[in-house]
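Here the structure is laid out as structure tokens; the discussion comes afterwards.
The values are calculated or read from the model by the stated rules, or taken from the named source; none is laboratory data. Quick caveat, the model's predicted, so the values are computed rather than measured. So basically every Cβ, Gly included, is an ideal-geometry build from the backbone, and we count neighbours across all protein chains shown.
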Amino acid sequence: MSKLWKPTLSQLEAGLDGLKVDDIKDETKVIITRAHHDFKEHEVPVTTPIVHSATYRINSVKHYSNILQEGGYIYVRLNNPTCEAVEVTMKLLEKGAGSVVFGSGMAAISTTLLSFLKAGDHVVSCASIYSGSYDFLKHHLPAFNIDVTFTGNDVNEMKKAIRPNTKVLYGESPSNPLITILDMEEFGRLGRTLNLTTIMDATCSSPVIIKPIQYGVDVVVHSGTKFLGGHSDLCAGVATTRTEDQWRTIFINRRAYGGILSPFEASLLLRGLKTLPIRVERECDNAQRLAEFLSTHPAVQKVYYPGLKSHKDHELAKKQMRKFGAMICFDIKGGVEPAKVFVQNLHVIQLAVSLGGVDSLISHPASMTHGPMIMTQDERDEHGIGDGQIRFSVGVEDSDDLINDLRQALDKALAVKA
Ligand SMILES: *Cc1c(COP(=O)(O)O)cnc(C)c1O
């Protein structure tokens, strides 16, 4: 494999600002990080401009080979300044060796998986993962003669499913729908002990809450469409690696499969990243308060939120996460009908799929994403989708307004049952 490509250094790692990277907090990193070769002194714009040129002028043939060795730009699909600005920021946030940005979370996930697998290999994956990832693993990898075994979201179960030809362990934490938490340290250790590549989808928490590479995980993937962008106005993905070789493998595969983000979207993503830490902090605080409120309402059967002592992974979440996240799952008593009444009577919280944005979004999987048009009852049972189950991504609105909205709609759901 060509050793030419290297992850771009940020100006902080290059020592250009005289600051030590490790001393700088996430809140500051997202604001000040730049690619070190970005701009000449005295010509630095505060906001990274969008460079949408498809190609870059080469001074001489020798210059071309210098670019390959020392970094720089040749063609938009290989890399470009706007995408690179996202990559250096994400690399520092995750404390990884390098990041690779993609046009969607699924592009990041599929390209990363294909980067570490070939025909005849085997993957062990948690079963409770994002539906698109499950579909890719279950229905698309077998076409490349790659076998997949699904297990519970538990490292011991994953360990038992390992075969001689296993190459990749794939996990997601926190996972939908029941917001289960995987032990990152055990997951990373299992992969390193057996020399398997560990890939973790940490979309539902964000790097502000947990940095899986610090626990020894090899590759962290994110749907940038969710918390990283944070405003439900773009589609993007990012993969960040523990080592430079892993970074290069994914970078070269992105070049081959062509899944890079557009510079326009990269600019939106950069803008979102600047407020990631403060948005997530507010969303998590709101979520904790709302989860506690929901647990007290008579229309609610059960609340799944790792910040509640009743959650089965509460202690683990406390150990490895900085906050408990902004995703809440709960069951409405009485099943499908009261749940539909509830979601259709909200005024502040909006009925929509997706998550991680400033807007509070809610959905009822049993009649929407996992409804009768899409799955059978058996499949819903297999995925742990209950009839009255509600998926709630908490935004940055005022928590009193959110509670009032929930209360009036829950009261209407109670009336249906009576
Ligand atoms: C949304 C999501 C994805 C897919 O991301 P896209 O940007 O929609 O391609 C992957 N994993 C998780 C956990 C997600 O929520």
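Listed values, structure above:
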| quantity | calculated |
| --- | --- |
| Residue match in region 386-401 (condition: touching a His at 6+ places or on another chain (Cβ under 9 Å), β-branched (Val, Ile, Thr) and surrounded by fewer than 21 Cβ atoms within 10 Å (Cβ to Cβ)) | no |
| Conditions (1) under 30 Å from GLY171 (Cβ atoms); (2) crowded, with 22+ Cβ neighbours inside 10 Å; number of the one not met by MET106 | (2) |
| Entirely in region 300-413, the strands (runs of 3 or more DSSP E) that have 1 or more residues that are among the charged types (D, E, K, R) and touching a residue at least 12 places away in the same chain (Cβ under 8 Å) | 300-304, 327-332, 389-393 |
| In region 140-166, residue surrounded by the most Cβ atoms within 10 Å (Cβ to Cβ) [restricted to those that are within 20 Å of TYR215 (Cα to Cα) and within 22 Å of the chain's Cα centre (by Cα)] | MET158 |
| Residue selected from region 124-147 under the condition of a type outside the set (Ser, Thr, Tyr) and touching an Asp or Glu at 6+ places or on another chain (Cβ under 7 Å), by the criterion nearest to THR249 (Cα to Cα) | ILE146 |
| Odd one out for ALA85, checked against (1) touching a residue at least 60 places away in the same chain (Cβ under 8 Å); (2) among the aliphatic types (A, V, I, L, M); (3) within 16 Å of the ligand (Cβ to nearest atom) | (3) |
| Residue check for GLY258: within 16 Å of the ligand (Cβ to nearest atom) and surrounded by fewer than 24 Cβ atoms within 10 Å (Cβ to Cβ) | yes |
| Hey, PRO174 modelled with pLDDT of 95 or more and within 16 Å of the ligand (Cβ to nearest atom) or not | yes |
| Single residue of SER115, SER128, SER99 found to be within 15 Å of the ligand (Cβ to nearest atom), among the hydroxyl-bearing types (Ser, Thr, Tyr) and buried (at least 17 other Cβ atoms within 10 Å of the Cβ) | SER128 |
| Selection within region 202-247 - away from the ligand (no atom under 11 Å from the Cβ), among the β-branched types (Val, Ile, Thr) and assigned to a loop (DSSP other than H, G, I, E, B) | VAL208, ILE209, ILE210, VAL217, THR243 |
| Criterion: farther than 29 Å from ARG322 by Cβ, not in a helix (DSSP H, G or I) and not small (Gly, Ala, Ser) - qualifying residue of ILE58, ILE67 | ILE58 |
| Conditions (1) within 13 Å of the ligand (Cβ to nearest atom); (2) farther than 19 Å from ALA97 by Cα; (3) of a type in the set (Gly, Ala, Ser): number failed by GLY152 | (1) |
| Which numbered condition TRP247 fails, given (1) touching a Pro at 6+ places or on another chain (Cβ under 7 Å); (2) at positive phi | (2) |
| Only listed residue being within 16 Å of the ligand (Cβ to nearest atom) and either modelled with pLDDT of 95 or more or under 24 Å from VAL208 (Cβ atoms) (or both), chosen from VAL394, VAL303 | VAL394 |
| Region 306-324, subset under 22 Å from TYR215 (Cβ atoms) and touching a strand residue (DSSP E or B) at 6+ places or on another chain (Cβ under 8 Å), residue surrounded by the fewest Cβ atoms within 10 Å (Cβ to Cβ) | LYS312 |
| Some residue of region 91-112 being of a type in the set (Asp, Glu) and modelled with pLDDT of 95 or more | yes |
| Looking only at region 182-201, and only at residues there that are surrounded by fewer than 24 Cβ atoms within 10 Å (Cβ to Cβ) and assigned to a loop (DSSP other than H, G, I, E, B), the one that is nearest to the ligand (Cβ to nearest atom) | ASP183 |
